[in-house]
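Take a look at the structure set out below.
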């Protein structure tokens, strides 16, 4: 991995590029599935550290295997940036946590995220978009919290039905939250 990648970076650097995003895992093109390629070859952050020293006026953003706020925090001490791939898809609230940590923005609750996305879904459903195409992005919102499994199960079971409406997400969120939530049409 080192020689061809280093040669590529050297040539690209020589052409004037000073910003690189490096995935720290070697892809094995023969014999591994794409899923196996994301898990089996080891991450090599040391390689990225070395090339960062070899090209001190270039910026190297690290990618690969970063899944938690704590990992981002630790890696930002060494690298000017990090890039997340699948982690936010399986845990979208991770982005809100990172925004608070990195940029100091006020904390936003999962319920606020849920309510804003619910408004978006309502608008898109009026335009003819099926719930299943949007609700799938909510599956990981409550990752790690009590009731998250029941929440995901409810969404997964009901969002694909032909007549699925917003009651599917409204009922799902009841499995994970103690915060007060009511649909916009609910009466007190």
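The values are calculated or read from the model by the stated rules, or taken from the named source; none is laboratory data. Please read these numbers as outputs of a predicted model, since none were measured by experiment. Every residue, glycine among them, receives a Cβ derived from its backbone with ideal geometry; neighbour counts consider all protein chains shown.
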Practice task
For segment 1-88, please list each of the helices (runs of 4 or more DSSP H) lying entirely inside it that holds at least 2 residues being closer than 30 Å to residue 110 by Cβ, in contact (Cβ under 8 Å) with a residue 12 or more places away in the chain and touching a strand residue (DSSP E or B) at 6+ places or on another chain (Cβ under 8 Å).
Solution key: 69-78
Handout entry: Residue list for segment 83-100, filter: over 10 Å from the mean Cα position of the chain (by Cα) and either assigned by TED's automatic domain parsing to the domain that holds residue 13 or loosely packed, with under 15 Cβ neighbours inside 10 Å (or both)
Key = 99, 100
Practice task
For segment 144-181, enumerate the residues that are surrounded by fewer than 16 Cβ atoms within 10 Å (Cβ to Cβ) and touching a helix residue (DSSP H, G or I) at 6+ places or on another chain (Cβ under 7 Å).
Solution key: 160, 165, 171, 179, 181
Fill in the blank from the handout: So the helices (runs of 4 or more DSSP H) completely within segment 94-173 holding 3 or more residues that are within 30 Å of residue 82 (Cα to Cα) are 110-126, 131-135, 148-158
